[in-house]
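Accompanying notes for the structure given below.
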């Protein structure tokens with residue numbers, strides 16, 4: 001379930017599990033957001049094809065911002081898959097420019113380190129870049 005946004009317009013700290021339809025109901029309220037959401041739906045379909053287990057959604061899309069630039073997503077690899085499997089079966093995941101064009105999102109493996117912070121992306125996503133404080137993200141299980 002998606003909690004109410006905090007006073008500052010962001011999700012309260014924690015990993016909040018939801019369904020993609022819940023995300024749509026709460027955060028898709030204009031045409032711009034609909035276009036971004038449609039990119040996310042494409043990403044979910046493609047990630048299911050490589051048995052990814054879940055996605056974590058972050059960025060201004062899951063805030064009160066009226067016109068977010070994109071969606072930030074990291075994904076959990078499926079059992080028995082990994083970089084070689086993903087690269088062979090869905091190489092677009094590793095081409096940032098092509099991925100951004102197809103999905104309208106910045107996408108990263110959850111268990112890879114973000115270079116600036118030296119934190120795993122799943123942890124990096126839970127830090128407010130403006131304040132350094134903890135914030136929430138959404139988890140959508142794919143299976």
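Each value in this text was obtained by applying a stated rule to the coordinates, not by laboratory testing. Quick caveat: nothing in here was measured; it's all calculated off a predicted structure. Don't worry about glycine lacking a Cβ; one is built from the backbone with ideal geometry, like all the others, and counts go over all protein chains shown.
Quick look at the values:
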{"read-out": "Fraction of antiparallel bridges per DSSP, the stretch 14-141 only, in percent to nearest 5", "value": "55 percent"}
{"read-out": "Ranked 102, 96, criterion: other C-beta atoms within 10 Å, fewest first", "value": "96, 102"}
{"read-out": "222 nm mean residue ellipticity, helices alone, for the chain (DSSP H n ≥ 4; -39,500 (n - 2.57); rounded to 500)", "value": "-9000 deg cm²/dmol"}
{"read-out": "Gyration tensor verdict on the stretch 30-130 (Cα atoms; rounded if a/c is under 1.5, prolate if a/b is larger than b/c, oblate otherwise)", "value": "oblate"}
{"read-out": "For the stretch 56-87 versus the stretch 3-54, the gap between their alpha-carbon centres in whole angstrom", "value": "9 Å"}
{"read-out": "Exposure proxy ranking, count of Cβ atoms within 10 Å, fewest first, for 98, 47", "value": "98, 47"}
{"read-out": "Three-way shape call for the stretch 1-80 based on the alpha-carbon gyration tensor, with the a/c threshold at 1.5", "value": "oblate"}
{"read-out": "Candidates 99, 88, 54: whichever shows maximal mean-square fluctuation once the chain is modelled as a Gaussian network with Cα springs under 10 Å", "value": "88"}
{"read-out": "Listed residues 35, 95, 51, most fluctuating in the chain (Gaussian network, C-alpha, under 10 Å)", "value": "95"}
{"read-out": "Between 0 and 90°, nearest 10: helix 31-49 axis offset from the chain longest Cα axis", "value": "30 degrees"}
{"read-out": "The stretch 98-127 and the stretch 129-143: distance between their alpha carbon centers, rounded to Å", "value": "11 Å"}
{"read-out": "By average C-beta atoms within 10 angstrom, highest first, the peptides 14-21, 69-76", "value": "69-76, 14-21"}
